[in-house]
1. Within region 79-98, take every residue that is buried (at least 24 other Cβ atoms within 10 Å of the Cβ) and more than 20 Å from residue 305 (Cα to Cα) and give me the one that is farthest from the chain's Cα centre (by Cα).
2. Tell me the residue from 262, 275, 330, 279 that is closer than 30 Å to residue 174 by Cβ, over 21 Å from the mean Cα position of the chain (by Cα) and at pLDDT below 95, please.
3. Return yes when residue 193 is touching a helix residue (DSSP H, G or I) at 6+ places or on another chain (Cβ under 8 Å), part of a loop (DSSP other than H, G, I, E, B) and in contact (Cβ under 8 Å) with a residue 40 or more places away in the chain and no when it is not.
4. Give the residues of region 236-258 that are at pLDDT 95 or above and exposed (fewer than 15 other Cβ atoms within 10 Å of the Cβ), sorted by residue number.
5. Of the numbered conditions (1) without any contact (Cβ under 8 Å) to a residue 40 or more places away in the chain; (2) part of a strand (DSSP E or B), residue 244 satisfies every one except a single condition; which is it?
């Protein structure tokens with residue numbers, strides 16, 4: 001496979017450093033040509049993170065004008081993501097942009113339309129899609145091993161700083177937009193488009209802040225409901241991050257979704273296969289993995305034309321619209 005000549009625009013996203021580290025760690029896939037920090041980022045990371053040292057620094061305009069560039073990663077602060085992704089797609093570059101996109105639906109719709117017109121890839125940074133167990137479970141769903149799925153429960157919480165919670169006011173829905181988007185992606189992947197979306201986002205008032213820091217949404221389906229919960233003020237929330245998929249043949253729980261270990265993460269799974277009241281389930285654990293490695297390897301293969309993106313542009317648009325609805329934004333059908 002030919003190496004993908006790639007540059008990164010932005011360092012303000014919380015995944016920016018990890019994504020760039022993955023690019024540098026995979027010289028078999030990527031030739032990293034430079035980086036830009038084009039806007040007043042919430043946190044300037046070029047000078048604070050060793051991962052950016054010794055990398056040529058350009059303006060965003062210089063990167064977008066490079067004739068021999070294949071792709072870009074967009075890792076700006078969330079509000080600027082779609083702006084620069086659109087500029088890259090207009091230039092005909094393949095785009096990996098971090099989640100969930102900017103805050104305006106019209107801008108995201110224009111990005112998708114431009115990518116379709118120019119036949120460029122737009123690949124979103126939802127790393128849980130590439131979790132080894134999530135990918136395995138999605139294949140099992142296709143094979144009918146879950147039977148009929150009637151419930152998906154997803155939680156992704158933590159206790160974050162007051163500064164971060166204050167910054168979440170930038171977004172509609174606060175925490176639901178910021179981290180709940182990962183969970184909404186999983187709900188759509190396992191259950192599809194719901195009949196009804198019921199946002200239940202709240203302000204805890206913790207530390208005297210009026211941020212919408214308690215994200216909650218319920219999806220209604222003909223045969224049951226599913227929900228996503230993401231709380232920014234939850235002590236112990238990180239270790240309780242979980243995904244539960246219930247079908248008529250079995251139930252599978254991933255919890256904790258990630259445990260940090262040396263050189264990466266592991267995910268714990270319990271699979272329940274019988275109807276016994278005291279079924280203990282079959283526990284297992286993934287090998288150690290890097291949450292971004294499989295994601296960026298897939299993008300490289302997509303950009304090289306060796307892999308089709310299973311997350312279509314239409315799916316990404318439907319996901320974005322669903323996120324906004326889950327945040328309480330009224331979106332016309």
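1. It comes out as 84.
2. Numbers: 262 fails: closer than 30 Å to residue 174 by Cβ; 275 fails: closer than 30 Å to residue 174 by Cβ; 279 fails: closer than 30 Å to residue 174 by Cβ.
Going through 262, 275, 330, 279 in turn, just one is closer than 30 Å to residue 174 by Cβ, over 21 Å from the mean Cα position of the chain (by Cα) and at pLDDT below 95: 330.
3. Details: touching a helix residue (DSSP H, G or I) at 6+ places or on another chain (Cβ under 8 Å): yes; part of a loop (DSSP other than H, G, I, E, B): yes; in contact (Cβ under 8 Å) with a residue 40 or more places away in the chain: yes.
Yes.
4. Correct list: 248, 249.
5. Result: residue 244 passes all but (1).
This table checks each residue for (1) under 23 Å from residue 194 (Cβ atoms); (2) crowded, with 22+ Cβ neighbours inside 10 Å.
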residue: 110; (1), (2): no, no
residue: 114; (1), (2): no, no
residue: 128; (1), (2): yes, yes
residue: 135; (1), (2): yes, no
residue: 143; (1), (2): no, no
residue: 169; (1), (2): no, no
residue: 173; (1), (2): yes, yes
residue: 176; (1), (2): yes, yes
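The values are calculated or read from the model by the stated rules, or taken from the named source; none is laboratory data. Small disclaimer: the values here were computed from a predicted structure and weren't measured. Every residue, glycine among them, receives a Cβ derived from its backbone with ideal geometry; neighbour counts consider all protein chains shown.
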